[in-house]
Structure formats: C-alpha cells, structure tokens
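Below is one structure, written out as structure tokens, with a few remarks after it.
The values are calculated or read from the model by the stated rules, or taken from the named source; none is laboratory data. Here the structure is a predicted model, which is why all the values come from computation and not from measurement. Heads up, the Cβs are rebuilt from the backbone with ideal geometry, glycines too, and the neighbour counts pull from every protein chain shown.
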Amino acid sequence: MTKRALITGITGQDGSYLAELLLSKGYKVYGLKRRTSVPIMENIQQIKNEIEFIDGDLQDLSSLIRAVQVAAPDEVYNLAAQSFVATSWEQPVLTAQATAVGVTNMLEAVRIVKPDARFYQASSSEMFGKVVETPQKETTPFYPRSPYGVAKVYGHWITINYRESFDMFACSGILFNHESPRRGVEFVTRKVTDAAARIKLGLQNELRMGNLDAKRDWGFAGDYVKAMWLMLQQDKPDDYVISTGETHTVEELVEIAFNHVGLNWRDYVVIDPKFVRPAEVDLLLGDCTKAKEQLGWELEVGFEQLVKMMVDSDMEKIKKNG
Ligand code: G4F
C-alpha cells in the first residue's frame, strides 16, 4: 500500500529534501504551503509536479484540519516555522504564534482527524541556548536565548504532551544546524558562501558579519531528513538529537569558504553591530549516540565538504543567473 505523507514547510530547505526522500521511497507526498502572490518554489522546482499542494497556514487550525482530511496521511512532518533566529526579536509574537502555537494547531488537526498518523516535530538545538552541559544530548536541560528558542521549547514539550496524553505516535527531532545549497541567504552559512562566490566573481566588495566567535555543530540537511524519516519507522515514538559531534566557529566557516575560492577573508569581512544578536548562543555541540544506536542513522557529509559544496553551488548559480 502506498504510504501518504503530509509535510508542512515543504518549500523550505528541509521540506524539499524530505519530499525527495519520501518520493524516492514511493510515498504519495502532500505539501502544506502558505498562499503567496508570487509562489516560492525554487527548492522544489524539480519535484513540484509529483507533489499535491494544499493551501494552509499553521496559524489557521481550520486549514490544517482540512489538510489532514485531504491528505489522510500515515505520517505528518511539521517543518514549518518562523525559523530565522534574528527575526524572532523583531517579530516575537508572530514567532510564538507560528513556531509555538502552530505546533498545537497541527497536533490538534491530527488528533481530531487522523489520530493514528505518525507525527514528527522539528525541534531545534536552539533550545539548549546558554548550554548547561557539553555536549548536548536528549536529557540536557533547555535554556533558550531567543524568542525563537523559547517557542521551539514550547513546540517540543507540547509534542511530548500529546504523546503522553493521547497516546499519539509523536516524535521530536532535536536537530542541530543543518545546511545545504538550498539554505536561505539570511542564514550564516549561505550568507558566507554566497558572498565568497560574489566577491570572487567581482560582484561584491565586502561581507558584513556579526559575531565570528559563535560555535555551531553544522551538518548537511540531506543527511538530517533521513533521521526524520527513521524516527517515524520505529516501534515506539521517542525524541532524538541529530548532530555531527563537531563544532566550528563562524570564523572557521568564513575561512574555509574564502580559501576555497582563493581569497583571504580578512581582506573582505567587516564586523557590523547590526548583525550581532541581543543574546547569543555561544556554543552548540551535539551528542547523537542515541540516534546512531537506535535509528542506525549515519551522516555522510562533513563540515568542510559541506561548505565547499555550498560555495561551488553558489559559484554555479551566480554565473548562470547573476
Ligand atoms: O545561521 P544562523 O542564523 O543560525 P542559528 O541562529 O544558529 O539558527 C539556525 O539553527 C538552529 C538550530 O540550532 C535552527 F533551529 C534555526 O532555525 C536556524 O536554522 O546563525 C549562526 C551563528 C549565530 O551565532 C550568529 O550570531 O552565526 C552567527 N552570525 C555571525 N554573523 C551570523 C552572522 N548569523 C547570521 N545569520 N548573519 C550574520 O551576519
């Protein structure tokens, strides 16, 4: 029997990789997407004819109920959110409504219409914030440092609460930063790889950055969506940390990207207080032993390979489209 999946946030980086993975496994894929006057389809251009789109919004419960009725999914992947940390200080209420309460809306739609559907919640290492232990694992207490992190903590706990209250198969993946050529240019990895390519091609003179000392555990999004799928194939629902187990500074990221195109980053990077956050997450480093042992999950792409892949992709894109 063909399995059916509903993905919220299907037009984003993770949604696009996950949709490709599920299509390759023979799933019928439904994608919830917000109506916009100009459709944002760049990430799913190559598969858009194989996906059934349903208009809806995490803040509109009735649209979610309808989406679950239409898709009648075996699996629901809740990837939609206001996911840019810096914006969460500028739009804290919207962030809470989409990233926190939106999870309850989606869980309610599943509970009301199809309570036997398996549910994946995109939790985040931002929940660890001002970390209380290193490396961070499933049992590490949360100390979020941004309205986004606070909202994700809510989404995480409401998922566990629905699992315990209603016996739903609800899992939460605590994913550390994961990147790819499909990442939006506002996030630091893509901002840097895009700038390195533009500077190399003579289209940009400088790169304005915030805190170069922050450390992140960066992996490849294509590897991470496999973990999402694996979580929903287990006998019992549970929560898992997904990470590489390596941490690098933003400065190292910049250095690898610029070196890759033969440039010295110090000649181009300017520190601009505009990009420094009101409260920073200084260090993230995940321990994904549980996912490796219980899910059999393995990552394939390492940090340096990831950064080079993104720079190469940006060089290609810019040469083609400017
Ligand atoms: O790429 P970032 O914006 O990602 P951040 O804040 O770590 O959040 C990402 O990962 C989370 C998982 O841990 C997700 F939940 C979340 O949705 C998102 O995907 O920033 C990374 C680091 C920060 O410490 C930031 O202060 O880079 C630092 N940084 C320094 N200069 C900058 C810049 N970040 C951005 N975006 N732009 C800068 O110019």
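Observations
- One residue from Glu138, Glu164, Glu108 being without any contact (Cβ under 8 Å) to a residue 40 or more places away in the chain and either charged (D, E, K, R) or within 16 Å of the ligand (Cβ to nearest atom) (or both): Glu164
- Residues within segment 187-223 that are more than 11 Å from the ligand (Cβ to nearest atom) and under 16 Å from Lys274 (Cα atoms), tallied: 1
- Some residue of segment 272-294 being more than 30 Å from Val150 (Cβ to Cβ) and in a helix (DSSP H, G or I): yes
- Residue match in segment 144-161 (condition: outside the structural domain of Gln305 (by TED's automatic domain parsing), surrounded by fewer than 16 Cβ atoms within 10 Å (Cβ to Cβ) and either away from the ligand (no atom under 15 Å from the Cβ) or within 19 Å of the chain's Cα centre (by Cα) (or both)): yes
- Pick from segment 169-186, criterion over 9 Å from the mean Cα position of the chain (by Cα) and among the hydrophobic types (A, V, I, L, M, F, W, C), ranking: farthest from the ligand (Cβ to nearest atom): Phe169
- Wholly within segment 2-98, strands (runs of 3 or more DSSP E) carrying at least 1 residues that are within 16 Å of the ligand (Cβ to nearest atom) and not polar (S, T, N, Q): 75-78
- Candidate set from segment 303-314 (those that are in contact with an Asp or Glu (Cβ under 8 Å, 6 or more places away or on another chain) and not aliphatic (A, V, I, L, M)); member that is farthest from Thr244 (Cα to Cα): Asp314
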